[in-house]
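Read through the structure below, which is laid out as structure tokens, and then see the notes.
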Amino acid sequence: MPSLPTFKLDRQRHAAPQVFEHLREMIVRLDLPPGTVLSRVELAEAFGLSQTPVRDALIKLGEEGLVDIFPQHATVVSRISLSVARQSHFLRRALELEALATLCEATEAALLERLLPVLRSLIEQQRVAAAAVDTEHFVALDRAFHQQILQAAGAAELGELVHQRNGHVDRLRRLHLPVAGKMAQILTDHLRITDALAARDAAACQAALRQHLGGTLRHADEIRERHPQYVGD
């Protein structure tokens, strides 16, 4: 098992959710790639905890399909499932398409007046991150962009539910992000979505979002060919 970065436990929170969040982030970033065996004993030692919160965290990762648990044997980081990724993508796309339509139809002008500068600021920050090849910051800003849209549409909690099912898509995107031109395309897509929102053009917003969210899955077979050890059916 790869060595884990320093983990500082927040004693004001339960341990299991913190272990889960930490491991989930490492799995999604591919720091713990598919096929990695996760030892409950080693994890407990690394986190300075008993095995109980580690076990609970692994169970929750299993519920999200990010690990395969073989009772009395091993827990292994799962391969990326294209079928699960496509279902998660369907759910996310449906939610965000509706969110954009809701915002374009909103009668409260101040809603977009507050949202648009935030989105444009995030795009500019992404430009800086892309120029610095700061992948982690770029990905965090990408998520913030979409969170802001969902929050403005009153669907932030639904966005969190979708995020919980999005681990396979997120890992697939991590494999696709280093491809030449991918970051630039994301920036272009975000700008198109924002400009269409400013014009209250729901059709253009939704067309730009479809193009944006479908980018990685359109290349899923190519990604699987490049990374057969990581990606399954």
Practice problem: State whether one or more residues within region 165-179 are under 17 Å from the mean Cα position of the chain (by Cα), of a type in the set (S, T, N, Q), closer than 16 Å to Ala140 by Cα and surrounded by 16 or more Cβ atoms within 10 Å (Cβ to Cβ). | Solution: yes
Quiz item: In region 189-203, which residues are in contact with an Asp or Glu (Cβ under 8 Å, 6 or more places away or on another chain) and without any contact (Cβ under 8 Å) to a residue 60 or more places away in the chain?
Solution: none
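Any residue at all in region 181-188 that's without any contact (Cβ under 8 Å) to a residue 24 or more places away in the chain, open to solvent by less than 60 Å² (accessible area, probe 1.4 Å) and of a type in the set (Val, Ile, Thr)?
Initial filter on region 181-188 (without any contact (Cβ under 8 Å) to a residue 24 or more places away in the chain): 181, 188.
Retained after the next criterion (residues that are open to solvent by less than 60 Å² (accessible area, probe 1.4 Å)): 181, 188.
Narrowing further to those that are of a type in the set (Val, Ile, Thr): 188.
Yes, because at least one residue in region 181-188 is without any contact (Cβ under 8 Å) to a residue 24 or more places away in the chain, open to solvent by less than 60 Å² (accessible area, probe 1.4 Å) and of a type in the set (Val, Ile, Thr).
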Quiz item: Taking the stated definitions as given, is Ile27 in contact with a Leu (Cβ under 7 Å, 6 or more places away or on another chain), assigned to a helix (DSSP H, G or I), modelled with pLDDT of 95 or more and farther than 21 Å from Phe145 by Cα?
Solution: yes
Quiz item: Residues in region 103-120 that are assigned to a helix (DSSP H, G or I) and surrounded by fewer than 13 Cβ atoms within 10 Å (Cβ to Cβ): how many?
Solution: 6
Quiz item: Has region 45-64 got at least one residue that is modelled with pLDDT of 90 or more and hydroxyl-bearing (Ser, Thr, Tyr)?
Solution: yes
Quiz item: Can we say Val162 is closer than 20 Å to Leu95 by Cβ, open to solvent by less than 50 Å² (accessible area, probe 1.4 Å) and touching a His at 6+ places or on another chain (Cβ under 7 Å)?
Solution: no
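Among residues belonging to region 88-102 that are under 20 Å from Arg174 (Cα atoms) and touching a residue at least 60 places away in the same chain (Cβ under 8 Å), point out the one that is most open to solvent (accessible area, probe 1.4 Å). Show your work before the answer.
Going residue by residue through region 88-102, those that are under 20 Å from Arg174 (Cα atoms) are 88-93.
Checking which are touching a residue at least 60 places away in the same chain (Cβ under 8 Å) leaves us with 88-89, 91-93.
Details: Ser88: 10, His89: 22, Leu91: 87, Arg92: 32, Arg93: 62 Å².
Among residues in region 88-102 that are under 20 Å from Arg174 (Cα atoms) and touching a residue at least 60 places away in the same chain (Cβ under 8 Å), the one most open to solvent (accessible area, probe 1.4 Å) is Leu91.
Could you check, for region 65-80, whether at least one of its residues is among the small types (Gly, Ala, Ser), surrounded by 15 or more Cβ atoms within 10 Å (Cβ to Cβ) and not in a strand (DSSP E or B)? Walk me through how you get there before you give the answer.
Here is the first cut: in region 65-80, the ones among the small types (Gly, Ala, Ser) are 65, 74, 78.
Then keep just the ones that are surrounded by 15 or more Cβ atoms within 10 Å (Cβ to Cβ); that gives 65, 78.
Imposing the further condition that a residue be not in a strand (DSSP E or B) reduces the set to 65, 78.
Scanning region 65-80 turns up at least one residue that is among the small types (Gly, Ala, Ser), surrounded by 15 or more Cβ atoms within 10 Å (Cβ to Cβ) and not in a strand (DSSP E or B).
Just to verify a result, which residue in region 30-54, among those that are among the hydrophobic types (A, V, I, L, M, F, W, C), within 25 Å of the chain's Cα centre (by Cα) and part of a helix (DSSP H, G or I), is nearest to Pro71 (Cα to Cα)? Break it down into steps so the answer makes sense when it comes.
First pass over region 30-54, keeping only residues among the hydrophobic types (A, V, I, L, M, F, W, C): 30, 32, 37-38, 41, 43-44, 46-47, 49, 54.
Filter again for within 25 Å of the chain's Cα centre (by Cα), leaving 30, 32, 37-38, 43, 47, 54.
Pick out the ones that are also part of a helix (DSSP H, G or I) and you get 43, 47, 54.
Working: Leu43: 17, Phe47: 22, Val54: 15 Å.
Ranking the qualifying residues of region 30-54, first place goes to Val54.
Is one or more of the residues making up region 205-227 at positive phi, in a loop (DSSP other than H, G, I, E, B) and surrounded by fewer than 18 Cβ atoms within 10 Å (Cβ to Cβ)? I'd like the intermediate steps shown before the answer.
Applying the first criterion (at positive phi) to region 205-227 yields none.
The answer is no; no qualifying residue exists.
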Practice problem: Scan region 144-153 and give yes if some residue there is closer than 17 Å to Leu217 by Cβ and in contact with a helix residue (DSSP H, G or I) (Cβ under 7 Å, 6 or more places away or on another chain), otherwise no. | Solution: yes
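The values are calculated or read from the model by the stated rules, or taken from the named source; none is laboratory data. Please read these numbers as outputs of a predicted model, since none were measured by experiment. In this analysis, Cβ positions are derived from the backbone assuming ideal geometry, glycine residues included, and neighbour counts consider all displayed protein chains. These area figures cover heavy atoms from the full protein model, side chains too; ligands, DNA and RNA do not enter into them. Shrake-Rupley method; radii C 1.70, N 1.55, O 1.52, S 1.80 Å.
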